[in-house]
Amino acid sequence: MDSPVYHGNIDKKTCEELMLKKGKDGSYLLRDSETIAGAFCLCVYLKKVVYTYRILMDHRGYYTLQTAGGVEEKFFPNLKDLIANYKRRGQGLATPLRHPVKKTEPAGVYQNVRQEKTDYRGRFKGNSLWPNVLHHLEFNYI
């Protein structure tokens, strides 16, 4: 994925370390989901807590973000549009997206990068987008 806020295959702990280092409410980054192959996580920092929201792709190739209950589900043709939408207040996130946490690779920051894995159909899971992610699944927020 070609986005400066996409950190790829980092684990939750590394993500939290990066967010705490930035330390600004409204900081955000994207990473691969650890539990659902092909899904992404939007991680948002607020008051020393990192909130994680899953981003899934539907059968048409549109992205949606799982937000708080009662918030209308929205679909976006690309992640840039999704992020632009969630920069506005009242969209179901803990706080609007304000401060991008851009990927840099100084020594030691990515020490907890997870091993590459395959998705549910055995394809290599790296830094590419996945067109066949199931859309309607039930999850517990991580």
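The values are calculated or read from the model by the stated rules, or taken from the named source; none is laboratory data. These numbers come from a predicted model, not from an experiment. In this analysis, Cβ positions are derived from the backbone assuming ideal geometry, glycine residues included, and neighbour counts consider all displayed protein chains.
Please enumerate the residues belonging to region 1-33 that are part of a helix (DSSP H, G or I) and either over 21 Å from residue 94 (Cα atoms) or of a type outside the set (A, V, I, L, M, F, W, C) (or both). Across region 1-33, the qualifying residues are 12, 13, 14, 16, 17, 21, 22.
Per the listing 11, 25, 2, the residue uniquely at negative phi and modelled with pLDDT of 95 or more is 25. Looking only at region 34-51, decide whether some residue is crowded, with 18+ Cβ neighbours inside 10 Å, polar (S, T, N, Q) and not in a helix (DSSP H, G or I). Among the residues of region 34-51, not one is crowded, with 18+ Cβ neighbours inside 10 Å, polar (S, T, N, Q) and not in a helix (DSSP H, G or I), which makes the answer no. Which of the residues spanning region 65-85 are farther than 20 Å from residue 24 by Cα and either among the hydrophobic types (A, V, I, L, M, F, W, C) or buried (at least 16 other Cβ atoms within 10 Å of the Cβ) (or both)? Passing the criteria: 65, 66, 67, 68, 71, 74, 75, 76, 79, 82. When each of 88, 60 is tested for being over 23 Å from residue 24 (Cα atoms), at pLDDT 90 or above, out of contact with any helix residue (DSSP H, G or I) (no Cβ under 7 Å at 6 or more places or on another chain) and exposed (fewer than 13 other Cβ atoms within 10 Å of the Cβ), the lone residue that passes is 60. Selection within region 1-33: residues that are surrounded by fewer than 16 Cβ atoms within 10 Å (Cβ to Cβ) and touching a helix residue (DSSP H, G or I) at 6+ places or on another chain (Cβ under 9 Å). The member of this set that is nearest to residue 96 (Cα to Cα) is 3.
Among residues of region 90-101 that are farther than 19 Å from residue 69 by Cβ, those with a beta-carbon under 6 Å from a residue that is assigned to a strand (DSSP E or B) and not β-branched (Val, Ile, Thr) at least six positions away or on a different chain give the pairs 97/28; 99/27; 101/27; 101/29.
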